[in-house]
1. Residue 264 to residue 150: FRET efficiency via 1/(1 + (r/R0)^6), r the Cβ-Cβ distance, R0 25 Å, to the nearest 0.05?
2. How high is the FRET efficiency from residue 231 to residue 253, r the C-beta distance, R0 30 Å, rounded to 0.05?
3. How far is helix 226-247 tilted off the main Cα axis of the chain, in degrees rounded to 10, range 0 to 90?
4. If you restrict to DSSP beta bridges whose two residues both lie in the chain, what percentage is antiparallel, to the nearest 5?
5. Using just the helices of the chain, give the 222 nm mean residue ellipticity in deg cm²/dmol: DSSP H runs with n ≥ 4 each add -39,500 (n - 2.57), and the total is spread over all residues, rounded to 500.
6. Report the Cα-based extents of the stretch 190-295 along its three principal axes, largest first, to the nearest Å.
7. Arrange 264, 115, 212 by Cβ neighbour counts within 10 Å, fewest through most, would you?
8. Taking neighbour counts of Cβ atoms within 10 Å as a proxy for exposure, in what order, fewest first, do 273, 59, 130 appear?
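None of the figures in this text is laboratory data; all of them are computed from the coordinates on show. Here the structure is a predicted model, which means the values were calculated and not measured. Neighbour counts run over all protein chains shown; Cβ positions are idealised from the backbone, glycine included.
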């Protein structure tokens, strides 16, 4: 029988600049395989304050993968296979609000998905499931991120809508103005379909968006400048690692079952009748094995 209440393991999906964690005890890079293809890179395992931690660099350690080329399914699958119980997503974003200047962190609670060139579900062949994404971010993890930001003195805002665009190009001015009219707070290229797949894999997910620029809507910043972004990003990365150090000990308080139900998100979602296709069921053994074994 699988372990229904595994020991906590905090998985961190590191965005631009977050390629390692220097403070890990017993660090070890491991190459993990997935039936969904190659993940972005090996996974760095270790411990922080006695809590198991696993870091996966989203773009690879050399930042060789553009947002559209990331294999989001393989990334989530290998983290699930590695024993992850929760995911903290760190990513660089542009801001649509004057009061969210570069250097601010936004603990995201909603997404608008404008990507179009990515595989967005584990259930696209022979086995069909429909999960709820009304509340895509785990509030418990959001609370802990808020406390960690306060402890580290990081300027942040709790709550915000993340517009996920395809990329790798930045927005046109017309797009930037449109997204501001929609009420979006930040824009990035990587949190979708990542958050959707984490929900399908029954992994509580929280996104911390680190503002590097004002996109192109701001009259004083009418072009997104990569050099300026990198300068802010270096500062963000240092504080992001402080956030991880402050957050990790809270995992000792993780309840055996998530009150939000994120770790049982597949209950009642598979609508395929009869005998399931064995090939696809095998590919889903990590992300959906819990419910498939009950059929």
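1. Result of the calculation: an efficiency of 0.25.
2. On the way: r = 37 Å, r/R0 = 1.22.
With a Förster radius of 30 Å, E is 0.25.
3. Result, in degrees: 50.
4. The antiparallel fraction comes to roughly 35 percent.
5. Values: 7 runs with 79 residues, N = 295.
Mean residue ellipticity, 222 nm, calculated: -8000 deg cm²/dmol.
6. 60, 34, 22
7. Numbers: 264 13, 115 18, 212 28.
Neighbour counts put them in this order, fewest first: 264, 115, 212.
8. Ranking 273, 59, 130 by Cβ neighbours within 10 Å, fewest first, gives 273, 130, 59.
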